[in-house]
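The values are calculated or read from the model by the stated rules, or taken from the named source; none is laboratory data. Bear in mind that the values here come from a model prediction, so they are computed numbers and not experimental data. Don't worry about glycine lacking a Cβ; one is built from the backbone with ideal geometry, like all the others, and counts go over all protein chains shown.
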Amino acid sequence: MFGAGGGTSSYREAEETDLIVLWGSNARETHPIFFHHVLRGVRNGARLIAVDPRRTSSAEWADVWLGIDVGSDIALANAMARVIIYEGLADTNFIAHATTGYEDFARCVEAYTLERAEAETGVPASAIREVALAFGQAPKGMICWTLGITEHHNATDNVLALINLGLLTGKVGRYGCGLNPLRGQNNVQGGGDMGAIPTRLPGFQDLEIPQIHEKFSRAWGGADFPHQKGWHLSEMFEAMERGELRSLYIVGENPARSEADQGRAVRLLSGLDQLVVQDIFLTHTAELADVVLPAAAGWAESEGTVTNSERRVQRVRRALEPPAGARDDVDIICDLAARLGSDFGRPTAEQVWDECRSLSPMHAGMAYRRLEELAGIQWPCPDESHPGTQFLHARLWKDPVEGPLAPFHAVEHDPPVDRLTEEFPIRLTTGRRLDSFNTGVQTNEYTSPLRRGEALVISPEDGARLGIEDGECVRASSRRGSVDVHVRFDHSMRPGLAFMTLHFPDQVATNVLTIDATDPKSGTAEFKASAIRIDRIPASVPSI
Amino acid sequence: MADVTLTIDGREVQAREGSTILDACRRMRIDTPTLCQLDTLTPVNVCRVCVVELEGARVLVPACSRKVEAGMKIRTDSERVRHSRRLVLELLASSVDMSLCSPQVRGWMDRYGAAPGRFGKQVATVAQPVKVDNDLYVRDYSRCILCYKCVEACGVDAQNTFAIGVAGRGFDAHISTEFDVGLPDSACVYCGNCIGVCPTGALMFKSEHDMRAAGTWDESKQTVTETVCPYCGVGCMLELHVQENSIVKVTSPLDHSVTSGHLCVKGRFGFEFVQRRGAKG
């Protein structure tokens, strides 16, 4: 956010705020222990607003559920902003003091009347107004989001629309206020922290700034590495399509199952000159590889750190001996470097971390010893006497503001790429369930009593309209492909909406249906919005 | 908040207004037995083993929930207190299998001279078969002292799932799902936060239960390693209990700011994928 990408608040603040908006996040199931903090907040009197196309188990706890049409988040956010401005609830002092671009933003949202927003979002104008007033009036409030915001072709604009709401009401840089992306994997945040972003080096330092590049190059013995940004995942697939990317080294990812438009992903991965996969399992992606490098499991078989959604860097430790032949990622990388003619030595995880601390100012104070003593430290932590940072951007309230001002970004509603038509009239969205995770490589190994397998979840109303029985096997088709899947009726679904997970790719290859329209800035595919049709299968397969 | 001054066992002590007598006792390093108390849960005052004598009060007061007040005079080791604590422990141990309680509990039994056998062999007990109705955890209510901790953890103090409550009255009181159905038919979401707070081993990982039945459970061979859950980005701290290179149980530190000791089903039970060594994934 405004530079370093990370949630601005601490979990603890959710317990002591006045209003929490879960926007495109079913935290009750996907971030259950964060939701404990939310529930404490609710018990302490906070209002909870859920913005989600589905009436999720999180929404069941909310004071207000806005059952938004998939991909209309910007229309909703802009309309809320317009109400806040018209009702005199904008924090004009904060806007004048700490932000830029307000005039353009205000002009942009002027077009988002409640009537238009109702038409775009499917949410009644009165409900939009109620939530806008609640957010504007709450002394403290926070917005938390997940992939419901970011798995869209305009993911970055979606995030900016939420940031605008925070800036408009001065709900950032204060205790109990903030803008928080809840990370979906245990080290998504840490991966970004460590520079696994095309434009960044560790500590979110910009690769294309010559002084930064030179600092790293000097530390790495004068190493010559690219001066320009690399490709993000979706750009890599595009480069494979063009034949520019011929060799790929994948560490701990299963794109043959996790990518949108799976048929295309598998075709491109299969067409590479060389594919190297480093993973703890022989995944479907590994089965396509020329070379498989068996890795130790990062969380239980090796040492290191991960960063969570409140920017807390915590230790992971080796509790188990890895299986014979499986090796620590650091060791594999160092061996590979040696084969390629670079001597990385044989560093321990702590030595690698100390090198990172010497180059990344925001991590400088996080010695292993201190991470143990303080049960993790929240970045930035610039030196070894610093306790870590509970919430970001307090600087915006200093007089004068420390560092750059926070920019508003005027963003426009842009509906999902996969248009709903008569041929493909149902909006398919995807997500996770409580007991499972992503493509199921990890979670399908334990016996969860909650697990019911993959299903196409739809509203009973749609079932009746299509003449489908609950449990019937149907054919779901998008513009990219078809899968056969059992239907499950669920009252959390609104008519016109369908839901599937990616948890059981061997049972139902959901990603055959999804679209790889991606956000040009983040590279995230629009997993949340495919257009499908549902057909009965003539020679009906017996129901489950 | 201001400090108040009170007297415990003849010693003057300062304590934070709003804190409990138990907090004050602990600060004075007075070992006070507790069974239903846990720092992360709201006190429910049911076990009565922490009672102390408060001058001017008609009855003994529970240290775990009674807030300190200026001028209180408290005795923690009077004959009346010792007698009450002994009787509580004796009554519980005579009807419940407390053999898996922590060594600390056995230490209190010794200290207070608790002799549960003195009621004779024919006393009523809560003995019953272990409930094994899923692959993740078992419920052995012959070990249940009705401390309510599991109910609290499943309810408002943490999980807010409300899958269990106390049903029945008197000796028939027991922890129950709705209509006493098995866990798979109940509201249970298998977070195992009830296991995390159970002081008697009534709630137990199935892996531990099976190993105990097979005689292979051996805590002297176990290591406990803190690490971070491999799933979502909340960053829950796990304690992996490992015996012979296998994870046999997962807990979380009560004082961890992220979890307060609580986990979800994936963090608690979703570790099997690192145990399938040699098998194809």
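Do the conditions hold for B:Val274, that is, is it of a type in the set (A, V, I, L, M), under 23 Å from A:Pro449 (Cα atoms), without any contact (Cβ under 8 Å) to a residue 40 or more places away in the chain and within 7 Å of chain A (Cβ to nearest Cβ)? Yes.
Filter the range A:268-310 for residues that are touching a residue at least 60 places away in the same chain (Cβ under 8 Å) and under 14 Å from A:Asn254 (Cα atoms); which is farthest from the other protein chains (Cβ to nearest Cβ)? Going through the qualifying residues, I end up with A:His284. Among the residues of the range A:524-541, those that are surrounded by fewer than 19 Cβ atoms within 10 Å (Cβ to Cβ) and in a loop (DSSP other than H, G, I, E, B) comprise A:Ile537, A:Pro538, A:Ala539, A:Ser540, A:Val541. Filtering the range A:11-28 to residues that are over 15 Å from the mean Cα position of the chain (by Cα), within 13 Å of chain B (Cβ to nearest Cβ) and either surrounded by fewer than 24 Cβ atoms within 10 Å (Cβ to Cβ) or over 21 Å from A:Ile377 (Cβ atoms) (or both) leaves A:Arg12, A:Glu13, A:Glu15, A:Arg28. Would the range A:472-479 turn up any residue that is at pLDDT 95 or above, under 26 Å from the mean Cα position of the chain (by Cα), buried (at least 17 other Cβ atoms within 10 Å of the Cβ) and in a loop (DSSP other than H, G, I, E, B)? Checked against the condition, which is being at pLDDT 95 or above, under 26 Å from the mean Cα position of the chain (by Cα), buried (at least 17 other Cβ atoms within 10 Å of the Cβ) and in a loop (DSSP other than H, G, I, E, B), the range A:472-479 yields at least one hit. Counting only residues that are among the acidic types (Asp, Glu), within 30 Å of B:Glu272 (Cβ to Cβ) and free of Cβ contacts under 8 Å to residues at least 24 places away in the same chain, the range A:311-347 holds 3 of them. Search the range B:1-12 for residues being touching an Asp or Glu at 6+ places or on another chain (Cβ under 8 Å) and not in a strand (DSSP E or B), and hand back the single one that is modelled with the lowest pLDDT. Checking each candidate, the answer is B:Met1.
In the set A:Gly71, A:Gly101, only one residue is more than 26 Å from the chain's Cα centre (by Cα) and at positive phi; that residue is A:Gly101.
Within the range B:13-30, work out how many residues are in contact (Cβ under 8 Å) with a residue 40 or more places away in the chain and part of a loop (DSSP other than H, G, I, E, B).
4
Among the residues of the range A:437-483, those that are under 23 Å from A:Arg55 (Cα atoms), more than 14 Å from chain B (Cβ to nearest Cβ) and of a type in the set (A, V, I, L, M, F, W, C) comprise A:Ala455, A:Leu456, A:Val457, A:Ile458, A:Ala464, A:Leu466, A:Ile468, A:Ala476.
Checked against (1) under 29 Å from B:Leu92 (Cβ atoms); (2) over 27 Å from the mean Cα position of the chain (by Cα); (3) surrounded by fewer than 20 Cβ atoms within 10 Å (Cβ to Cβ), B:Met72 passes all but a single condition, namely (3). Taking the listed residues A:Leu392, A:Leu396, the one that is of a type in the set (A, V, I, L, M), outside any helix (DSSP H, G or I) and buried (at least 21 other Cβ atoms within 10 Å of the Cβ) is A:Leu392, with no other qualifying.
Working only within the range B:225-246, note down all residues that are touching a strand residue (DSSP E or B) at 6+ places or on another chain (Cβ under 6 Å) and in contact (Cβ under 8 Å) with a residue 24 or more places away in the chain. Within the range B:225-246, B:Glu226, B:Cys229, B:Leu238, B:Leu240, B:Gln243 qualify.
Picking from residues in the range B:192-217 that are assigned to a loop (DSSP other than H, G, I, E, B) and touching a Lys or Arg at 6+ places or on another chain (Cβ under 6 Å), the one that is nearest to the other protein chains (Cβ to nearest Cβ) is B:Gly192. Of all residues in the range A:62-76, those satisfying the criterion of being more than 11 Å from A:Arg129 (Cα to Cα) and in a helix (DSSP H, G or I) are A:Asp73, A:Ile74, A:Ala75. For the range B:153-191, the candidate set comprises residues that are within 17 Å of the chain's Cα centre (by Cα) and within 14 Å of chain A (Cβ to nearest Cβ); within that set, the residue that is surrounded by the fewest Cβ atoms within 10 Å (Cβ to Cβ) is B:Val156.
Candidates are the residues of the range A:410-436 that are in contact (Cβ under 8 Å) with a residue 24 or more places away in the chain, surrounded by fewer than 20 Cβ atoms within 10 Å (Cβ to Cβ) and more than 20 Å from the chain's Cα centre (by Cα); the one that is nearest to A:Ala106 (Cα to Cα) is A:Ala410. Given the criteria in a helix (DSSP H, G or I) and within 14 Å of chain B (Cβ to nearest Cβ), does A:Gln189 qualify? Yes: the conditions hold for A:Gln189.
Exactly one residue out of A:Val64, A:Val83 is touching a helix residue (DSSP H, G or I) at 6+ places or on another chain (Cβ under 7 Å), of a type in the set (A, V, I, L, M, F, W, C) and buried (at least 23 other Cβ atoms within 10 Å of the Cβ), and it is A:Val83. Considering B:Gly270, B:Gly281, the condition of being over 20 Å from the mean Cα position of the chain (by Cα), modelled with pLDDT of 95 or more and not aliphatic (A, V, I, L, M) is satisfied by B:Gly270 alone. The residues listed here are A:Thr30, A:Thr8; of these, the one that is touching a His at 6+ places or on another chain (Cβ under 9 Å) and hydroxyl-bearing (Ser, Thr, Tyr) is A:Thr8. Here the condition is being within 19 Å of the chain's Cα centre (by Cα), charged (D, E, K, R) and not assigned by TED's automatic domain parsing to the domain that holds B:Val96; of B:Asp255, B:Asp218, it holds for B:Asp255 alone. For the range A:168-215: of the residues being of a type in the set (A, V, I, L, M, F, W, C) and surrounded by fewer than 17 Cβ atoms within 10 Å (Cβ to Cβ), which is nearest to A:Pro520 (Cα to Cα)? The residue in question is A:Ala196.
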